[in-house]
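Notes follow the structure.
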Amino acid sequence: MSEMNDYNARCTRFLHAQPHMQKLGIRLIKAEKNAATLVLPVQSQLISKVLDTYLHGGVLTTLVDAASSVSTLCALERFELCPTLDLRIDHMRTPVQSQPLYVSAECYRVTRSVLFTRASVYQESPSRPVAYAIATFMRPGDGNTDSAFRAMIEGGNDAATA
């Protein structure tokens, strides 16, 4: 299997292992070395009729955190459970309700204890961002990653890929 297919498979398994990602319909579009792009499809249950906005800020935060997390999977040689330390989102404009949201994230620096990411949320074009984000993730060490979860993400558990 090619390196790109390895990234796609690892990232897809990670997203499928998280019920809230499945509930929101967040899907992987592309994964490559140090980077990933996800999409949040248009869903009527996410549109606020009261606030005239596309979705609750928590959904956008979840999307950005997911893409940033997935980009770290593409930067590490093997899966490590790296919790979010910090996430900052700068909202640039209100999303259009009739279009899906995309987020491209890049893990631009990996240290022994922290991973650094940046992301851009957009709809029609990356040149018209809805939001920008930066995040950091903690590397607690290899011994702190649950072995069953690691096996599922790395493809050692066939039930996770079904």
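Below is a table of values for the structure above.
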| read-out | value |
| --- | --- |
| Total charge dipole magnitude, the range 1-118, about the Cα centre, Cβ charges on Lys, Arg, Asp, Glu only, Debye to nearest 20 | 100 debye |
| Against the rule of thumb 2.2 N^0.38 Å, how large the Cα Rg of the range 1-139 comes out | 1.01 |
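Only the coordinates and a few stated rules stand behind these numbers; no lab work does. In this text the structure is predicted, and so the values were computed from the model without any measurement. Note that each Cβ is placed from the backbone with ideal geometry, even for glycine, and that neighbours are counted across all protein chains shown.
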